[in-house]
Amino acid sequence: MIPKGLHHEHFKQAATEIDRNGVPAERRSVYYDLVIEGKRYPPKYIVSLAAKFATGEEHLPADFNAVEAKKFFLGKGYEVVDRRAKAEDVVVDEDDESAFPEGRESFKIHRQRERDGKMPRKAKEKRLAETKKLECDICGMDFHSVYGKLGYGFIEAHHTVPVSKLNGAVKTKLDDLALVCSNCHRMLHRGSTLLTIEELKKLVQR
Ligand SMILES: [Zn+2]
Ligand SMILES: [Zn+2]
């Protein structure tokens, strides 16, 4: 059961908390996104946080399912997006900036940061020197061992600091770059918030 007495102000507080702290990997939504002031949030997690603001206690997600949460918000006049409804909602193009949680402008900045010549190259060189290979920080995949010569020296750099937290810093720092395979890179960018390396690691099925 979804607790009674939850109102828009509580949902807004919940959204603000998510803007600030992100969504824990296990609380992300799979099927539905709730839209609050143009941004997408996981409906069940919003209910939990809203309940915390309304009653002082976080409501356990086991008490209701995603469909109930969806109906609850639709009943209150909110927009709820079914991520499975349209193929283009689910299968996003890698360069589709609408898929980037922080928005179009930030997506461009993010991309520039991780593609801007020197730093990604330095990160790869450093790793090669240290470990003699370029393994994905998340799943351990190594292009060289899978694709042979063709894959030698290939890996993608991912900038781990959300653009909103860069505070205007212009230079990419070596430590800010993770080295990830193309699959994991796409997964980091998928969904309503940018996942951290640790969060995605936990989700990888071994
Ligand atoms: Zn990977
Ligand atoms: Zn990235």
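Structure notes:
- Cβ separations smaller than 9 Å between residues 6+ apart or across chains give the following pairs from segment 181-205 residues that are closer than 19 Å to D142 by Cα and among the small types (G, A, S) to residues that are surrounded by fewer than 19 Cβ atoms within 10 Å (Cβ to Cβ) and at pLDDT below 90: S182/E94.
- Checking G140, G153, G148 one by one, the residue that is at positive phi and within 15 Å of ligand 1 (Cβ to nearest atom) is G140 and no other.
- V163 satisfies every condition listed in (1) more than 12 Å from the chain's Cα centre (by Cα); (2) of a type in the set (A, V, I, L, M); (3) within 13 Å of ligand 1 (Cβ to nearest atom) except (3).
- Within the span defined as segment 61-83, every residue fails to be over 16 Å from S29 (Cα atoms), assigned to a helix (DSSP H, G or I), at pLDDT below 60 and not acidic (D, E).
- Counted as qualifying within segment 110-206 are the helices (runs of 4 or more DSSP H) with 1 or more residues that are under 28 Å from I18 (Cβ atoms), namely 182-189, 197-203.
- Filtering segment 154-163 for residues that are among the hydroxyl-bearing types (S, T, Y), outside the structural domain of R20 (by TED's automatic domain parsing) and over 16 Å from H185 (Cβ atoms) leaves an empty set.
- Among the conditions (1) at pLDDT below 85; (2) over 19 Å from V81 (Cβ atoms), the only one that E17 does not satisfy is (1).
- Residue ID - nearest to ligand 2 (Cβ to nearest atom), chosen from residues in segment 115-169 that are without any contact (Cβ under 8 Å) to a residue 40 or more places away in the chain and of a type in the set (S, T, Y): T160
The values are calculated or read from the model by the stated rules, or taken from the named source; none is laboratory data. Just so it is clear, the structure is predicted and the values come from calculations on it, not from any experiment. Don't worry about glycine lacking a Cβ; one is built from the backbone with ideal geometry, like all the others, and counts go over all protein chains shown.
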